[in-house]
Structures are given as C-alpha cells and as structure tokens.
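Read the structure below first, then the notes.
The values are calculated or read from the model by the stated rules, or taken from the named source; none is laboratory data. Please read these numbers as outputs of a predicted model, since none were measured by experiment. Here Cβ is always computed from backbone atoms with ideal geometry, including for glycine, and neighbour counts include all displayed protein chains.
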Amino acid sequence: MSEPLFGEFPASTKEQWLEKANAELKGKDINQLAAFDEPETIQIFPYLTAEDLSAIPLPNLPALFLKKEGNDWEYRELNTQKTAQYIVEAKGAHIAAELADALYCGNEYLVQMTDAGMTVDEACRNMEFRFNCSPLYFPEIAKLRAARILWAMVIEKYAPKDPSTNKMFIHAYTSFKTLTTTDIHANIIRATTQAMAAVIGGCDGLTVLPFDLKVKEPDEFSQRIARNISLILKHEANLHRVVDPSAGSFYIETLTHLLAKEAWERFVIN
C-alpha cells in the first residue's frame, strides 16, 4: 500500500479542527468539556497535534523500550530491590510527583548498591519498580512510557557497559483505591481499563486485583476473573505482539513528553 492511510483527505490545521469541533458542540467550549488538569503541573487537552509534540524537546534516547520478546509480559520471581510507587499514588500524589519519587528512590538504591561493590549493570538487573494504575487511562499509559525515558536518563549518567541496563523493569498493579464497595462487579471494568493502560504503557509484570478485595477475602471466582483479564489482553487483544502499541499517537506522545519534562524538573530540584 503506497498511499498513506486517509491520504485522500485534505490536511487541516489545528485551528480548522477546533473551529469545526466548536461548531458541532453548538458554541460550547471544547476545552471546558474535555480538558483536565494534572494537579499543580500541566493542563491536558483532548486534542494534540504534531506541532504540540515538536514544541516539547526531549533527548532521543536509545533502547527505551528494549525487551527480549517484544511486549510479552509475565510475572517473574526476582530477588530485587523494589521501589513501590503505588504507595505514593495511593496517598494522593499526582503523576509527575509519583515519577519524580520513583527516580529519587531508584537513584538512592543505585548509590547504595554501587557503594557496596556492585556494578551499575548488576544493580539495575536487580531492581523492580512497582506502579499503581489510576483510572486516568491515557495519562497512565504516558506515565509508564515517561518512566522508561526518565530512568534511561538517570542510568546514562552512570555510564553502564551493557546498553540494555537502562531498561526499567516495571510491575504494574490495578488500583485498590478505586475499588467500589457498593457495586463490586463494576470493579471488573475498572480493573480491565487500568490493566490495559499498564500493558500498553509497557509494563513487564502485571497484577490485577480481584473485584471483591475491598469487601472480603477474594474467593476462587474473583481470583479467576482477575487472572482472565490479563489473559484476555494477551491472547485475545494480542497486545503482547506489539512492542509499543501507543507509539506515534500525538496525544500519548505529547502526554509522555509533558509528564517526563515535569517529573525530571522535580527530580533535579529535589
């Protein structure tokens, strides 16, 4: 196929798109309807273009999404130093602060392990980052992608010998905080979207919490449903066949760069 997809349609500017969208909304401001703020940091709009992305420069780092087998993920028992960012999120930290805290904790572990005689390559192979996934679908995808970029920037300063050392091992969890006790079966949908965001964002390990965890000890049925969510994402949605499913989306790429920029500034300042 030589012609690009939708190539027969004339190109439109961002201003033309906004004019058409506002007309369809009968005068209502699209920014008021669909935009939301990442507290204290950035304003995220529902429309982002190539111009938006080009306005946010970030170093082009190699091997950010390096994986041995594509986007295939599984839980592996590791003897690791774990940095648990899901605790930070559960206490109300917004995404940029969560990322900055992950960098700070990870860097502190690196300092301690290298001071103890380990090489940076050995230390990184024994580190696992745990992130909680909130209901913010697209920002959560961008969060995990930004985390990889930022960690690669940190590791670059340690001059590792192995180029794959800058790969961040991420274990993602669905959110306990968002589980409802009034309609527990709604938690299945919430866990599915959160798990999907984690996989698209590039997690290496995934834990889906049972839908009844907040009201009782999970039984065999709820545990099976939790397992099946990840199996469906893998064997029916086939998300493991693509290394970076969201790559090329101006919206997600821009969110990734915005969050990475804000989190890096917080990390450097602190």
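One table, with the values for the structure above:
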quantity: Check on C124, assigned to a helix (DSSP H, G or I), crowded, with 19+ Cβ neighbours inside 10 Å and modelled with pLDDT of 85 or more; calculated: yes
quantity: Selected residue (criterion: surrounded by the fewest Cβ atoms within 10 Å (Cβ to Cβ)) from residues of region 250-270 that are at pLDDT below 85 and among the aromatic types (F, W, Y); calculated: F250
quantity: Some residue of region 236-249 being surrounded by 14 or more Cβ atoms within 10 Å (Cβ to Cβ), polar (S, T, N, Q) and at pLDDT 90 or above; calculated: no
